[in-house]
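Beneath this line is the structure, given in structure tokens, with notes to follow.
The values are calculated or read from the model by the stated rules, or taken from the named source; none is laboratory data. Note that this is a predicted model, so its numbers are computed, not measured. Glycine also receives a Cβ, built like all others from the backbone with ideal geometry; neighbour counts cover every protein chain displayed. These accessible areas exclude ligands, DNA and RNA; they are computed on the full protein's heavy atoms, side chains included. Shrake-Rupley method; radii C 1.70, N 1.55, O 1.52, S 1.80 Å.
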Amino acid sequence: MNTHVHRPLMILSVLLVSLLASLGFQTDKVRPLHPHRQHTSKPATQLKQTSSSQDTNTNHPEWDLNVAIAGAGPSALLLAHRLLKSNLPISNIDMFESRADPRSKQSLGGRAYALGLGMRGRTAIRTVDEELWTSVKTSGFGCERFRLHFNSKWNIKLRDDESSSTSNEEDGSEPSVLIYQTDLCGALLDELDRRSAMQDSIVVKVHFNSTITHVDLSTSEITIGKESAHLKTKGPYDLIVGCDGANSIVRSALELYSPPNTFIATQRKLYPGCFKVCRLDKMPPLMDPKSVALVLPESMKTGVTAFVEPTVGGGSCILFAGRMSSEESITTDEDKESSLSSLLFSQPNVNEEEDEPTDSTVLEELIIAQFPLLKDTPGMKEAARQLISQRTNVADSVKCNIFSSSSSMTPTAICGDAAHATGGVSGQGCNSALVDVAVLVDCLSEYYHPPQDSAEISTAKKEMLHKCLSSYSQKQVPEGAALYDLSFGNDGKTLPIFRNVRAIISNAVDSIFRGRLGIGKQPLQTLLASSVTPFVEIRRERQKYYIEEFPSDGWFKESLEKLYL
């Protein structure tokens, strides 16, 4: 069997992904957040805390925006918050989500993903206000500790409260917040519900269990429903935003309706790497209850690693990562060391409606044998059942050359994994998606200013929106490209021998000294999570690790201007 032990960076990153595909939820109803919710306090926004001055700048309802958002995950919900608190003239916001309201307490079905909100995510949420961030933070678990367990007896502290306290005081940074996606969305929904109830001009509806089957960028309409007899058409909309994950239907519409050779998207499965996640009510008793931990197996032949996160309320989330295995049976004693991988990852697309296999007890025994630190953890039997019945998750990567529609189409934008998925390799999926929507609303606030009088309102409205979206692409396409490079390096290509050796030594020095005593620099993962330094700047500073030069600002500007015509 082909075995492989994941690097700590890869495992850490995989856990912090924002579910890779559309985080949606499902209920069978259209649920208005409030029957008559609308908005009176509207502020300007530039990735800093917004003000709350009202300035619609028009007496003509024709200027008001009817907005559709695909998805109701973290970025989509933050987008709704930002629009509510902007100074934009908005009449309606429709959000379409394929899954249930995360507060409905329906079965998780094993999809218990925990995210790490770092500096970028916190900053983006705070562009609404501090109160919103506080409501999110209290739903998660603040953590600064990180341990690497080589086995049940030997571990090292890669980061702890004491080593980070000085830097926190100096730069005002805060611990990362570990939070389940359902809890993050629930907190954002609760606040959106409450705030919308106090408004009287903007109607917000969250359509749960509403699967978008088609986005028509010629008529500006959206079709929802899975069966032809129950299809519904919504719209027309002035602005459509895709926050619907790596398998985005909005991105597919941009590919379909864009002029030839203008919108180009590439998507790939990140085989053979795969993972499964289980959720427990308690932390393993043999581990630090306040520390994130990467646990290596007792036998390297296993090819599986465990990543353990503490969560709010004393619980934990364990991600098991490995490589896709064949379905060959275990026939010899020598195979038993690698059988954990076989049981966990043999079928990437298991039918979730099939009867549960009968070997969950065997799986539990194999997990404890390879990860003794998980012994005596309450709920491990249920965790094994979750894992054995759960589909194997394989991450996607997505790369697009532009994040918005051309000027001939319905004004449309894509954000987060819909535009630039990295499969969790950087650990910045959710954080970068939150930044995307904050920047999008910044651009809308900057360029959408209806005049007092205009004979051609429809034309002028569309032109202003396209100017907003062009600005959004100019700002975020380079960021997406840089994050892709930072996540995948040279993407299979190899540096010349001398440069490769120098890069390995440099990475080792950074990992050991972390910039302390003036030696080395912060490791890439730390820099991405604990700063708001643009990805473009980080990528250019790390050019020595790359074969190809990163394009200049001028190159991006010229290329995007050509595409937007």
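Can you pick out the pairs among Lys157/Lys521; Lys276/Lys375; Lys493/Lys544; Lys85/Lys462; Lys290/Lys475; Lys226/Lys562 whose Cα atoms lie more than 26 Å from each other?
Numbers: Lys157/Lys521 18 Å; Lys276/Lys375 19 Å; Lys493/Lys544 14 Å; Lys85/Lys462 22 Å; Lys290/Lys475 38 Å; Lys226/Lys562 37 Å.
Listed pairs above 26 Å: Lys290/Lys475; Lys226/Lys562.
Set the Förster radius R0 to 30 Å, insert the Cβ-Cβ distance between Lys562 and Lys521 as r into 1/(1 + (r/R0)^6), and round the FRET efficiency to 0.05. Could the numbers behind the result be given before it?
Values: r = 37 Å, r/R0 = 1.22.
Efficiency, from the Cβ-Cβ distance: 0.25.
Sum up the charges of everything whose Cβ sits under 15 Å from the Cβ of Arg251, counting Lys and Arg as +1 and Asp and Glu as -1, but leave Arg251 out. Walk me through the intermediate numbers first.
Working: positive: Arg268, Lys399; negative: Asp216, Asp244, Glu255, Asp396, Asp417, Asp436.
Value of the local net charge: -4.
Want the number for Phe488 to Met300: 0.36 nm per residue separation, take away the alpha-carbon distance, what's left?
On the way: separation 188, 0.36 × 188 = 67.68 nm, distance 2.41 nm.
Once the chain is fully extended between Phe488 and Met300, it gains 65.3 nm.
Put Thr459, Thr412, Thr262 in order of accessible area, largest first, 1.4 Å probe: what do you get?
Numbers: Thr459 70, Thr412 0, Thr262 25 Å².
Greatest to least solvent exposure: Thr459, Thr262, Thr412.
Around Leu434, under 11 Å between beta carbons, what's the net of Lys plus Arg minus Asp minus Glu among the other residues?
On the way: positive: Arg82, Arg120, Arg122, Arg126; negative: Asp436.
Counting the neighbours of Leu434, the net charge comes to +3.
So what are the radius of gyration and Dmax for the Cα set of the stretch 450-498, in Å?
Expressed in Å, the Cα Rg and Dmax of the stretch 450-498 come to 20.3, 66.
Please give the FRET efficiency for Ile504 paired with Glu446, using the beta carbon to beta carbon distance and R0 = 41 Å, rounded to the nearest 0.05.
On the way: r = 44 Å, r/R0 = 1.07.
So the FRET efficiency works out to roughly 0.40.
Tell me the Kirkwood hydrodynamic radius of the stretch 373-507 in angstroms, computed as one over the mean inverse distance between distinct C-alpha pairs. List each step's numbers first, then the result.
Working: mean 1/r = 0.0536 Å⁻¹.
For the stretch 373-507, inverting the mean 1/r across all distinct Cα pairs yields 18.7 Å.
Considering only C-alpha atoms, what is the centroid distance from the stretch 427-500 to the stretch 550-565, in Å?
12 Å
Once the other residues with Cβ under 9 Å from the Cβ of Thr311 are scored (Lys, Arg +1; Asp, Glu -1), what is the net sum? Intermediate values should be presented prior to the final figure.
Working: positive: Arg279; negative: Asp183, Glu309.
Around Thr311, the charge tally is -1.
Counting other C-beta atoms within 10 Å, and keeping those with at most 16, which DSSP coil trypsin sites (Lys or Arg not before Pro) do you find in the stretch 280-313? Walk me through the numbers before you get to the answer.
Working: sites: Lys282, Lys290, Lys301; in loops: Lys282, Lys290.
Sites meeting the loop and neighbour criteria: Lys282, Lys290.
Based on the mean of other Cβ atoms within 10 Å per residue, sort peptides 130-136, 480-486 so the most packed one is first. The partial results should precede the final answer.
Details: 130-136: 16.9, 480-486: 22.7.
In descending order of packing, they fall as 480-486, 130-136.
Measuring with a 1.4 Å probe in the full set of protein chains, what accessible area per residue, in whole Å², belongs to the stretch 420-484? Please report the intermediate quantities before stating the final value.
On the way: 1850 Å² over 65 residues.
Averaged over the residues of the stretch 420-484, the accessible area is 29 Å².
Looking at the calculated P(r) for the stretch 170-297, what percent of the C-alpha pair distances fall above 24 Å? Kindly include the intermediate steps, with their values, before the conclusion.
Values: 4772 of 8128 pairs.
Looking at the stretch 170-297, the distances longer than 24 Å represent 59 percent of pairs.
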